[in-house]
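Data block below; observations after.
The values are calculated or read from the model by the stated rules, or taken from the named source; none is laboratory data. Just so it is clear, the model here is predicted, and its values are computed rather than measured. Methodologically, a virtual Cβ is constructed for each residue, glycine included, from the backbone with ideal geometry; neighbour enumeration extends over all protein chains shown. Protein only, heavy atoms only, side chains kept; ligands, DNA and RNA dropped before computing areas. Shrake-Rupley method; radii C 1.70, N 1.55, O 1.52, S 1.80 Å.
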Amino acid sequence: MEVVIYTQRVAVIDAYQERRDCADQRIADFIWECGFLPVPVPNRSSFAEAIVEKLHPSGIILTGGNRLVSHGGDAPERHSNDRILISLAVRQGLPLYGFCRGMQSILSYFGNELENIEGHVAVHHLIQEGTECYKVNSYHNQACRNLKNGCGLVVTARSEDGVIEAVQHEIFPVAGTMWHPEREDGFIKKDLERVRNLFDIDKKRRIST
């Protein structure tokens, strides 16, 4: 079974003077349902390259949780980890998918500015993706409405209020969504297929070489 590595949020436990790496168990369930073996990555950027080199993952998932440091987040180690993993994905052509905070990291990495928004926390709302209109969950206070010219990303979905809800890169196998695929009661087929199709790029490349 092919490996997919995924990031974890940082939980600060003051009473024990601990900074804990953790992730919703449903994230691993979602990756497994996509057909991959889920492997969590610690928030230590010095380990990231070694983990990718050793495990040869079929893909990388940047998960939700923790605001970006630029918007008041208290997890600089996660910021470093996300940037290292995106850089590795770009350099090596590794498929990478980010959701919620993960997509925010992708937007930021490619030079886009986030802004504070309202009405996108603990709700379901409509998005337009191509010719389809459907509901997704939403758990974020920061987002992007306009991409920087020449950043390489293209918008693939928007919400009714103009917030960018999904992106993909024009060249690299990098994509993101602002919703959490793991938080649905029963994984959505479209979300599963999105990850399967993106991560299969790596398998096809290896078969052809």
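Could you count how many residues in segment 176-191 are out of contact with any His (no Cβ under 7 Å at 6 or more places or on another chain) and either in contact (Cβ under 8 Å) with a residue 60 or more places away in the chain or of a type in the set (Gly, Ala, Ser) (or both)? Residues meeting the conditions: 10. The residues of segment 138-155 that are within 15 Å of the chain's Cα centre (by Cα) and polar (S, T, N, Q), listed by number, are Ser138, Gln142. Scanning segment 112-145 for residues being of a type in the set (Gly, Ala, Ser), open to solvent by 30 Å² or more (accessible area, probe 1.4 Å) and touching a Gly at 6+ places or on another chain (Cβ under 9 Å) gives a total of 0. Among the residues making up segment 160-200, those that are open to solvent by 10 Å² or more (accessible area, probe 1.4 Å) and in a strand (DSSP E or B) are Gln168, His169, Ala175.
Checked across segment 96-111, the condition of being surrounded by 20 or more Cβ atoms within 10 Å (Cβ to Cβ), at positive phi, assigned to a loop (DSSP other than H, G, I, E, B) and in contact with a His (Cβ under 8 Å, 6 or more places away or on another chain) holds for at least one residue.
Does segment 9-23 include one or more residues that are part of a helix (DSSP H, G or I) and of a type in the set (Lys, Arg)? No - not one qualifying residue is present in segment 9-23.
Here Val155 fulfils each of the conditions (1) assigned to a strand (DSSP E or B); (2) open to solvent by 70 Å² or more (accessible area, probe 1.4 Å); (3) farther than 24 Å from Ile27 by Cα apart from (2). If I filter segment 74-94 for residues that are farther than 29 Å from Lys190 by Cα, among the small types (Gly, Ala, Ser), at pLDDT 95 or above and touching a helix residue (DSSP H, G or I) at 6+ places or on another chain (Cβ under 8 Å), do I get at least one hit? Yes, segment 74-94 contains at least one residue that is farther than 29 Å from Lys190 by Cα, among the small types (Gly, Ala, Ser), at pLDDT 95 or above and touching a helix residue (DSSP H, G or I) at 6+ places or on another chain (Cβ under 8 Å). Filter segment 24-66 for residues that are of a type in the set (Val, Ile, Thr), under 17 Å from Ile86 (Cβ atoms) and in a strand (DSSP E or B) and give the result. Result: Ile60, Ile61. Mind checking whether some residue in segment 69-82 is among the basic types (Lys, Arg), open to solvent by less than 10 Å² (accessible area, probe 1.4 Å) and under 22 Å from Asp24 (Cβ atoms)? Within segment 69-82, one or more residues are among the basic types (Lys, Arg), open to solvent by less than 10 Å² (accessible area, probe 1.4 Å) and under 22 Å from Asp24 (Cβ atoms).
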